[in-house]
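**Student:** My structure is below; once you've seen it, I'll send some questions.
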Amino acid sequence: MSNITARLTRFLAKRNHQHFINGAYQDSYGEKQIAVINPATEVEIGKIPLGNKEDVDAAVRAAKLAFHHNSDWRKMSPDDRGKILYRFSELISDHSESLAQMVTIENGKLIKDALSSDAGGAAKTFRYYAGWTTKIEGETLDISQPQKGGRQNFAFTKREPIGVVAAIVPWNFPISIAAWKIAPALAAGCTVVLKPSEETPLSALLLAEIAMEAGLPPGVLNIVTGDGRTTGACLTAHKDVKKITFTGSTYTGKIIGKTAMENVTGVSLELGGKSPAIVFNDAHDLDFAANGVAAGIFRNQGQVCVAGSRVYIQKKVYDKVLTDISHAAQKMKISHGFDESAQLGPLVSKGHLQKVCNYINSGIEEGAELITGGTENPLDKGYFLKPTIFSALDNEKSIISEEIFGPVLVAVPFDDMEDALRLANDSQFGLAATVWTKDISKAMTMVNRLEAGVVYVNSPVRSDPGLPLGGYKQSGIGRELGKVGIYNYTTLKSVNIVY
Ligand code: NDP
């Protein structure tokens, strides 16, 4: 293991962690705790409180006070708010090693990915939204209301911060997905209560420390740890929450959507995916396409919402491309995240490993051909799995219709573009898709007809703070990131001044 920074050593020495409320770590009102496990070693690294209703009330109260009174966060000039967010992004970069190490320890992912996607991604997102504080605009509108006595209308809209935001995030990119929500919400002038996943809560608590150093006023960002069923449910049902922003599974998203409707709380849902990669005979360079498809599914152990977990390959090149992807998979070095030569780390938890293994077993039972991989753990301990590839003839298998969220790829051959579109769009999900061809007309036809919120041509999908992300169909409601991302946290006021 690489040397753990002094900052992280001090943070981890605490063992019994606390909530972060009103600018300070605070004990829970309850007694229950949850153990946080390092998935590479299966060793406990600390405990977090299981937040109960009183904890959630305290966090929402702090956020509400900070929004309305204490810190004047929303009344602060946009320039001053932007400066704090920019300072936050700089401090995340300065402490990226500590943050990335924390993510690797609790999530298992490769340290280079934790540095680039998690710490790097969070810094980039705060930097991006720091620039947006000064660019939130309404419109002036030429309306046609008749007025007596020569009076005239001056109508305009203004965007106002929506209020207290409940942010619920998954474990796969613990701090970068948190940043996708916290950064635009704070930039808009809202205050936030974050509930990280119980699997990966510590990196968020470390991030809170850094937020205070950046000068974020108390109560503007609060973190309540715990599980979804108790803590998450209390938070999403809280009457003083004005917006819920959720990233996670479609199953949980539906529960949260119902709760939001009961209270008429605003909600955006970034949910699951089963994204197709489509490789045509005329892909520029078939090796490049095969490596791109492999990177698109095996990065972060396949625990990526936009992972290309179904690959449709045109018949003429099916065998070659499938063989190349399989070779790329078989060559991957499997090791713990701090091994700098590792290409695949452990899955996040024992329960999740079991779920992925169950899918592999059902793929075999349903008659898909196992090309490489399987359920055997390649190492002595830790939640490791070999990259696994199946070949099938159609979409009629659970491994191709359901989200597995692990390093499992299913390949299916196709005849022509219509066939590829039929197979790719035959899914309850619609998050992302990749297309591999050098024919621009074909690429654009696919772009126009694929039912997906994000389409990449000749590259695996990557995220960028400037590019909106979200899904069609059961992959979600709304978009985050980009300009639309900030409007998630504002509400529109229409004004007419008669003069
Ligand atoms: P879950 O839906 O299980 O959990 C997501 C978050 O919701 C966790 O913090 C969880 O808490 C919490 N939660 C669970 N139940 C409730 C509830 N009843 N009320 C409130 N909160 C609840 O998803 P995973 O953590 O397993 O994450 C993987 C999923 O996330 C995949 O489906 C993936 O596709 C999706 N995802 C989507 C992305 C997108 O942009 N569309 C991006 C990344 C991931 P706890 O874990 O503590 O129980």
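**Student:** Only one of Gly367, Gly302 is within 16 Å of the ligand (Cβ to nearest atom) and either open to solvent by less than 10 Å² (accessible area, probe 1.4 Å) or not aliphatic (A, V, I, L, M) (or both); which?
**Tutor:** Checking each option against the conditions leaves just Gly302.
**Student:** Could you please find all residues in region 231-254 being more than 15 Å from the ligand (Cβ to nearest atom) and under 19 Å from Gly189 (Cβ atoms)?
**Tutor:** Asp240, Lys242 - these are the residues of region 231-254 that are more than 15 Å from the ligand (Cβ to nearest atom) and under 19 Å from Gly189 (Cβ atoms).
**Student:** Can we say Val103 is under 23 Å from the mean Cα position of the chain (by Cα) and over 30 Å from Gly345 (Cα atoms)?
**Tutor:** no
**Student:** Residues in region 24-31: is at least one open to solvent by less than 30 Å² (accessible area, probe 1.4 Å), among the aliphatic types (A, V, I, L, M) and closer than 24 Å to Ile177 by Cα?
**Tutor:** Within region 24-31, none of the residues are open to solvent by less than 30 Å² (accessible area, probe 1.4 Å), among the aliphatic types (A, V, I, L, M) and closer than 24 Å to Ile177 by Cα.
**Student:** Arg127 fails exactly one of the following numbered conditions: (1) over 19 Å from the mean Cα position of the chain (by Cα); (2) more than 20 Å from Asn172 (Cβ to Cβ); (3) surrounded by fewer than 20 Cβ atoms within 10 Å (Cβ to Cβ). What is the number of that condition?
**Tutor:** Result: Arg127 fails condition (1) only.
**Student:** Do you know which residues across region 262-287 are of a type outside the set (Val, Ile, Thr), away from the ligand (no atom under 14 Å from the Cβ) and without any contact (Cβ under 8 Å) to a residue 60 or more places away in the chain?
**Tutor:** Once the filter is applied, which keeps residues that are of a type outside the set (Val, Ile, Thr), away from the ligand (no atom under 14 Å from the Cβ) and without any contact (Cβ under 8 Å) to a residue 60 or more places away in the chain, region 262-287 yields Asn281, Asp285, Leu286, Asp287.
**Student:** Exactly one condition in (1) touching a helix residue (DSSP H, G or I) at 6+ places or on another chain (Cβ under 8 Å); (2) modelled with pLDDT of 95 or more; (3) outside the structural domain of Gly108 (by TED's automatic domain parsing) is false for Ala283; which is it?
**Tutor:** With (1) touching a helix residue (DSSP H, G or I) at 6+ places or on another chain (Cβ under 8 Å); (2) modelled with pLDDT of 95 or more; (3) outside the structural domain of Gly108 (by TED's automatic domain parsing) applied to Ala283, the lone miss is (2).
**Student:** Quick check on this structure: which one of Ser441, Ser427 is in contact (Cβ under 8 Å) with a residue 40 or more places away in the chain and among the polar types (S, T, N, Q)?
**Tutor:** Among Ser441, Ser427, only Ser427 is in contact (Cβ under 8 Å) with a residue 40 or more places away in the chain and among the polar types (S, T, N, Q).
**Student:** Are any residues in region 247-267 open to solvent by 10 Å² or more (accessible area, probe 1.4 Å) and within 18 Å of Val306 (Cα to Cα), and if so, which ones?
**Tutor:** Those that are open to solvent by 10 Å² or more (accessible area, probe 1.4 Å) and within 18 Å of Val306 (Cα to Cα): Thr247, Gly248, Ser249, Thr250, Tyr251, Thr252.
Yes/no matrix, rows are residues, columns are (1) assigned by TED's automatic domain parsing to the domain that holds Arg299; (2) within 16 Å of the ligand (Cβ to nearest atom); (3) under 17 Å from Phe88 (Cα atoms); (4) of a type in the set (Ser, Thr, Tyr):
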{"position": "Ala123", "(1), (2), (3), (4)": "no, no, yes, no"}
{"position": "Lys135", "(1), (2), (3), (4)": "no, no, no, no"}
{"position": "Gly150", "(1), (2), (3), (4)": "no, no, no, no"}
{"position": "Phe156", "(1), (2), (3), (4)": "no, no, no, no"}
{"position": "Ala179", "(1), (2), (3), (4)": "no, yes, yes, no"}
{"position": "Pro184", "(1), (2), (3), (4)": "no, yes, yes, no"}
{"position": "Ser197", "(1), (2), (3), (4)": "no, yes, no, yes"}
{"position": "Ala204", "(1), (2), (3), (4)": "no, yes, yes, no"}
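**Student:** Out of Val447, Val461, Val454, I need the residue that is over 30 Å from Arg159 (Cα atoms) and in contact (Cβ under 8 Å) with a residue 60 or more places away in the chain. Which one?
**Tutor:** The conditions single out Val461.
**Student:** Looking at the structure I just gave you, is Ala166 of a type in the set (Gly, Ala, Ser), away from the ligand (no atom under 14 Å from the Cβ), at pLDDT 95 or above and touching a helix residue (DSSP H, G or I) at 6+ places or on another chain (Cβ under 9 Å)?
**Tutor:** Answer is no for this residue.
**Student:** Here is a list: Gly228, Gly219. Which entry is near the ligand (Cβ under 6 Å from one of its atoms) and small (Gly, Ala, Ser)?
**Tutor:** Gly228
**Student:** Tally the residues that are of a type in the set (A, V, I, L, M, F, W, C) and either in contact with a helix residue (DSSP H, G or I) (Cβ under 9 Å, 6 or more places away or on another chain) or under 24 Å from Leu205 (Cβ atoms) (or both), restricting the search to region 154-163.
**Tutor:** 1
**Student:** Regarding Leu216, is this residue open to solvent by less than 10 Å² (accessible area, probe 1.4 Å) and in contact with a strand residue (DSSP E or B) (Cβ under 6 Å, 6 or more places away or on another chain)?
**Tutor:** no
**Student:** To continue, here is another question. Hey, can you tell me all the residues within region 126-169 that are touching a Gly at 6+ places or on another chain (Cβ under 9 Å) and among the hydroxyl-bearing types (Ser, Thr, Tyr)?
**Tutor:** Tyr128, Tyr129, Thr133, Thr134, Thr157
The values are calculated or read from the model by the stated rules, or taken from the named source; none is laboratory data. Note that the coordinates shown come from a computational prediction; the quantities given were computed from them, not determined experimentally. Cβ coordinates were reconstructed from backbone atoms using ideal geometry, including for glycine residues, and neighbour counts include every protein chain displayed. In case anyone asks, the SASA skips ligands and DNA or RNA and just uses the protein heavy atoms, side chains included. Shrake-Rupley method; radii C 1.70, N 1.55, O 1.52, S 1.80 Å.
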